[in-house]
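Engineer: Below is a structure I'd like to ask you about.
The values are calculated or read from the model by the stated rules, or taken from the named source; none is laboratory data. What you see is a predicted model, and the numbers here were worked out from it, not measured in a lab. Here the Cβ positions follow ideal geometry from the backbone for every residue, glycine too, while neighbour counts run over all protein chains shown.
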Amino acid sequence: MIVELSKSVALLLSLCLVQDFILRHWRNGETLGQVVSGMTFGGICVIGMSTPIDIAPGVIFDARSVILSMSGLFGGPLVGGISALMAGGYRAWLGGGGAPVGVAVVISCVTLGLLFRYAHQRGWVRIGALQLLVFGLVVHLVEIYLFTFLPAEIVTRVMQEVALPLVLTFTPGTAMLGLLLLAVESQTRMEHSLAESERRFKDFAEASSDWFWEMDADLRFTYGSDRLFQILGVGPEVALGRKREDLVDASQRNSSKWKRHLDQLNTRRPFKNFEYAIPNAQGRHPAFLSQRIADS
């Protein structure tokens, strides 16, 4: 039983990596992204119910409790509602004596996830490994309680064969999935924050009368403000991805002063008032760059 439950959890956890793509594609919580996320969680539940563990005719077990509780916690009302509608509708369509309890499990798991989300947003509880483990235990204790509404002979079998393996497997499975989704959310927020910072810096650089540039570890230009390209006399399509020595006139590259300058660049030492002779498309030197900077 534990092996079968573990396989179910592993399958659903791997499928939930789709959430990573969704969060990266719709980073601002757009409605379309939430709809896709809800359909993803609901679809995963449907897949799980397509290959369940059969205890009795019409009584099945699968990892929908893990997925649905996380849809409410990390997705919110819209995501949780869509996943509950899909999972509950499919469970009702499967029918059998356990269908009402199965639908009740769907509703309870999403509701508990939404309650945890609300408590976290209010600052009453944080989301961490221990909290997710306790949450997973509560979810599955509630699920076991709902099992008691099944016919008496089935309840006895469920308590003897399913209850303990379910708690031992799905409780840590819930925590594992929660930590995975938490890591995905944190990484996505960090990337979004970095992108926003870069955008603000570029807006500032373009509006400034000074020139700004960025170089990689090999001293190749990766970014330059409009003012920089105006001074250099070449466009970004010429400068970006190239080193300084690729841009200057050949006579300058062969000079001893240039070699000393390269040594300053390679050792990250500051330099002052160095002139770059950069030819344009006509071979002339329309501008020299004379400045005081410190590359880092």
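Engineer: For Gly123, only one of the following conditions fails: (1) assigned to a helix (DSSP H, G or I); (2) over 17 Å from Phe61 (Cα atoms). What is its number?
Structural biologist: Among (1) assigned to a helix (DSSP H, G or I); (2) over 17 Å from Phe61 (Cα atoms), the lone unmet condition for Gly123 is (1).
Engineer: Regarding Ile60, is this residue over 23 Å from Val158 (Cβ atoms) and touching a residue at least 40 places away in the same chain (Cβ under 8 Å)?
Structural biologist: Here the answer is no, as Ile60 does not meet what is asked.
Engineer: Okay, moving on. Being surrounded by 14 or more Cβ atoms within 10 Å (Cβ to Cβ) and not in a helix (DSSP H, G or I) is true for just one of Leu166, Leu133, Leu150, Leu137. Which residue is that?
Structural biologist: Going through Leu166, Leu133, Leu150, Leu137 in turn, just one is surrounded by 14 or more Cβ atoms within 10 Å (Cβ to Cβ) and not in a helix (DSSP H, G or I): Leu150.
Engineer: Looking at (1) part of a strand (DSSP E or B); (2) modelled with pLDDT under 75, which is the only condition Ser251 fails?
Structural biologist: So Ser251 meets the others, but not (1).
Engineer: Another question about this same structure. Residue by residue through segment 166-220, note down the ones that are at pLDDT below 80 and either touching a Cys at 6+ places or on another chain (Cβ under 6 Å) or small (Gly, Ala, Ser) (or both).
Structural biologist: Ser193, Ala195, Ser197, Ala205, Ala207, Ser208, Ser209, Ala217
Engineer: Continuing with the same structure: Helices (runs of 4 or more DSSP H) wholly in segment 1-110 with at least 3 residues that are at pLDDT below 85, in contact with a Ser or Thr (Cβ under 9 Å, 6 or more places away or on another chain) and farther than 15 Å from Gly173 by Cβ - which ones?
Structural biologist: 18-25
Engineer: Scan segment 136-172 residue by residue and report those that are of a type in the set (D, E, K, R) and in contact (Cβ under 8 Å) with a residue 60 or more places away in the chain.
Structural biologist: Glu143, Arg157, Glu161
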